[in-house]
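Here the structure comes first, spelled out in structure tokens, and everything after it is commentary.
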Amino acid sequence: MENAQTPTPRKKTILSGIQPTSTPHIGNYLGALKNWIALQDEYDCAYMIADLHAITIKNDPAKLRQQGLSLVALLLACGIDPQKSILFFQSHVPTHTQLAWVLNCFTQFGELSRMTQFKDKAEKHKGNVNAGLFTYPCLMAADILVYNADLVPVGADQKQHLELARNIAARFNGLYGDTFTLPEPYIPKTTARIMSLADPTRKMSKSDENPNACVTLTDAPEDILRKFRRAVTDSEAEVAYREGKDGVNNLISIYSAVTGKEIPAIEAEFAGRGYGDFKTAVGEAVAEHLRPIREEYTRLMADKGYLVSVYKDGAERALRRTQRLVEKVYRKVGFVKMER
Ligand code: TYM
């Protein structure tokens, strides 16, 4: 029988993050952020700006600070609702690094050496292969495990890090008894890996030097249109989703995600028409989809007081939610309890 004592079932927990290294692009948005927004009602969500992760690459401090604040506005403009979810800076919540140290000691050198993102970044930044870049996945595991997150919405490029987080959690649980929830990745089907518009064999990336490779969430409509019109496709002039058509597949996936149209319907819509029409239609649909986000972003950027109140409240709530778990882990590994 239902009565006032019946406990409401606990909502499952989500944690995810994004680095403030530059303005997010449509890959970040379609691979991850769109799911962050969509899952807010069903889950208890914690979303963070991964500024600690960002310094594993050289950054200009003033620029990093500015990008961090802009990212708060942009995430809110995309639809993160601070009444439902917590939004905070990773560096404001010390429990992440407190747990990360312990997880470092339960992760093997060999495991970290196998991480493809480490290998790629070490190759790209040969002059700065720092220890933080190497242990990056341990901090990421701490971000997730410190919330006992059930689900982590990310793009495909984070899957390997997620698997490592699960392995570390399972290893710790095996040694010390049930401590961490094993997190599941939540990766979209067709937009898990949005590719560069200039080279569709490579993923769209914030650090791409070619400005036409990447469409950011704050690009002006005319720039969006120009980038899509120049997008690299193939010489077949057939709008069809199939193997070997990386450029066209990428554009179809993007078009489908922003219009809600199914892939066969898109193929039918453009049957017998050239790539010119198709690319223009994709560019216009993306520009139209991003228009309200850009407008809301501009409005929010003028209200710094509000942005500060959101991330301050987010950090306080994040800390309260995670302190107990860190204490538990510290006790389990044998640290003497700190008396307050
Ligand atoms: P970051 O900042 O590189 O990317 C943020 C999110 O965007 C996704 N993504 C993409 N999805 C589809 N196509 C693309 N071309 C594309 N590029 C990026 C990423 O998969 C990610 O979901 N390590 C993380 C940040 C992080 C984190 C965490 C994430 C730190 N701690 C804990 C989840 C849980 C990163 O660098 O994301």
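The values are calculated or read from the model by the stated rules, or taken from the named source; none is laboratory data. Just so we're clear, the structure is a prediction, and the values are computed from it rather than from any experiment. All Cβ positions, glycine included, derive from the backbone under ideal geometry; neighbour counts span all protein chains shown. For the accessible areas, the whole protein counts, side chains as well, though only heavy atoms, and no ligand, DNA or RNA atoms are used. Shrake-Rupley method; radii C 1.70, N 1.55, O 1.52, S 1.80 Å.
Quick notes on this one:
- Looking at Pro200, Pro211, just one residue is more than 20 Å from the chain's Cα centre (by Cα) and surrounded by fewer than 16 Cβ atoms within 10 Å (Cβ to Cβ), and that residue is Pro211.
- Selection count where residues are over 17 Å from Val333 (Cβ atoms) and assigned to a helix (DSSP H, G or I), scope segment 98-128: 17
- Taken over segment 281-330, the criterion of being open to solvent by 50 Å² or more (accessible area, probe 1.4 Å), of a type in the set (S, T, N, Q) and in contact (Cβ under 8 Å) with a residue 60 or more places away in the chain is satisfied by Gln323 alone.
- Pairing residues of segment 117-143 that are among the hydroxyl-bearing types (Ser, Thr, Tyr) with residues that are open to solvent by 40 Å² or more (accessible area, probe 1.4 Å), at Cβ distances under 6 Å and at least 6 apart in sequence or on separate chains, gives Thr135/Asn104.
- If only residues of segment 41-86 that are more than 16 Å from the ligand (Cβ to nearest atom) and assigned to a loop (DSSP other than H, G, I, E, B) are counted, the one that is farthest from Thr191 (Cα to Cα) is Asp60.
- Segment 214-253, residues that are β-branched (Val, Ile, Thr), assigned to a loop (DSSP other than H, G, I, E, B) and open to solvent by 20 Å² or more (accessible area, probe 1.4 Å): Thr218, Val232, Thr233
- Looking at Ser85, Ser113, Ser91, Ser70, just one residue is open to solvent by less than 10 Å² (accessible area, probe 1.4 Å) and of a type in the set (S, T, N, Q), and that residue is Ser85.
- A residue that is part of a helix (DSSP H, G or I), more than 8 Å from the ligand (Cβ to nearest atom) and open to solvent by 60 Å² or more (accessible area, probe 1.4 Å) occurs somewhere in segment 155-162.
- Once segment 138-154 is narrowed to residues that are in contact with a Pro (Cβ under 6 Å, 6 or more places away or on another chain) and within 18 Å of Gln98 (Cβ to Cβ), the residue that is surrounded by the most Cβ atoms within 10 Å (Cβ to Cβ) is Ile144.
- Of all positions in segment 99-110, at least one carries a residue that is among the β-branched types (Val, Ile, Thr), surrounded by 18 or more Cβ atoms within 10 Å (Cβ to Cβ) and over 22 Å from Leu319 (Cβ atoms).
- Listed by first and then second residue, the pairs with beta-carbon distance under 8 Å, at least 6 apart or on different chains, first residue in segment 53-72 and touching a residue at least 40 places away in the same chain (Cβ under 8 Å), second more than 16 Å from the ligand (Cβ to nearest atom) and of a type in the set (S, T, N, Q), are Ile57/Asn128; Lys58/Asn128.
- Set Thr181, Thr190: member being part of a loop (DSSP other than H, G, I, E, B), open to solvent by 10 Å² or more (accessible area, probe 1.4 Å), under 30 Å from Tyr241 (Cβ atoms) and β-branched (Val, Ile, Thr): Thr190
- For Ala240, the requirement of being at pLDDT 95 or above and under 19 Å from Ile26 (Cα atoms) is not met.
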